[in-house]
1. Suppose we filter 44, 34, 52, 5 for residues that are surrounded by fewer than 17 Cβ atoms within 10 Å (Cβ to Cβ) and at negative phi; which single one remains?
2. Residues that are surrounded by fewer than 20 Cβ atoms within 10 Å (Cβ to Cβ): find the strands (runs of 3 or more DSSP E) completely inside segment 57-128 holding 2 or more of those.
3. For segment 65-124, enumerate the residues that are under 24 Å from residue 17 (Cα atoms) and within 16 Å of the chain's Cα centre (by Cα).
4. Would you mind finding the one in 149, 195 that is over 18 Å from the mean Cα position of the chain (by Cα) and touching a residue at least 60 places away in the same chain (Cβ under 8 Å)?
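Bear in mind that the values in this text are calculations on the coordinates, not laboratory data. Quick caveat: nothing in here was measured; it's all calculated off a predicted structure. Here the Cβ positions follow ideal geometry from the backbone for every residue, glycine too, while neighbour counts run over all protein chains shown.
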């Protein structure tokens, strides 16, 4: 197994479908013991507990303020304060603007919050991050997550006007939103089709592609086929509980 792995906690676009969950991923660097919760959409805290003790996390990274990418942070805070027996240092959080002001729960003593923006970098444990603003309102940050050897690129949400190459070279795996099929493409879209996801991952030189953030009403096979045709390399479909090794 690679020292860097990705586990899908949720991958539904805009809202959870039946039995699904919003956007969220567990990224682990086994050599350094680093575990990141990347995006925390509705339902992902439940999934997270299947794969790790939430109090063993090294940090949380949040791409933007749309609820389907962060709202389960409230569930984590409630559990941390009342049922998990929080007895550790505050958990580092790297977050796009606008999220903290929407939290109702107190974060004092639980979270060490840092707001980040386009071009910013950060480090949590054995993983380094660099952020790039995507083609999606409000401020949304795609991210490069890298160890000393492996590199994961995550688009977060974006329309086709953003280039995944903004995350830099040598992407071992591109985790890219592919919300729908080419039938839904438009010049003012704030999401991408499978075809567009495949194209930007190919142009970035990514070695592998995983498509995510699919609308529940869109057939997964159709999105996957579009992405595979455009990428012309190994492509996987994100599914809750599915793991990928870089």
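1. Checking each option against the conditions leaves just 52.
2. In segment 57-128, 111-115, 121-124 are the strands (runs of 3 or more DSSP E) which contain 2 or more residues that are surrounded by fewer than 20 Cβ atoms within 10 Å (Cβ to Cβ).
3. Listed by number, the residues that qualify are 65, 66, 67, 68, 69, 70, 71, 72, 73, 99.
4. When all the criteria are applied, what remains is 149.
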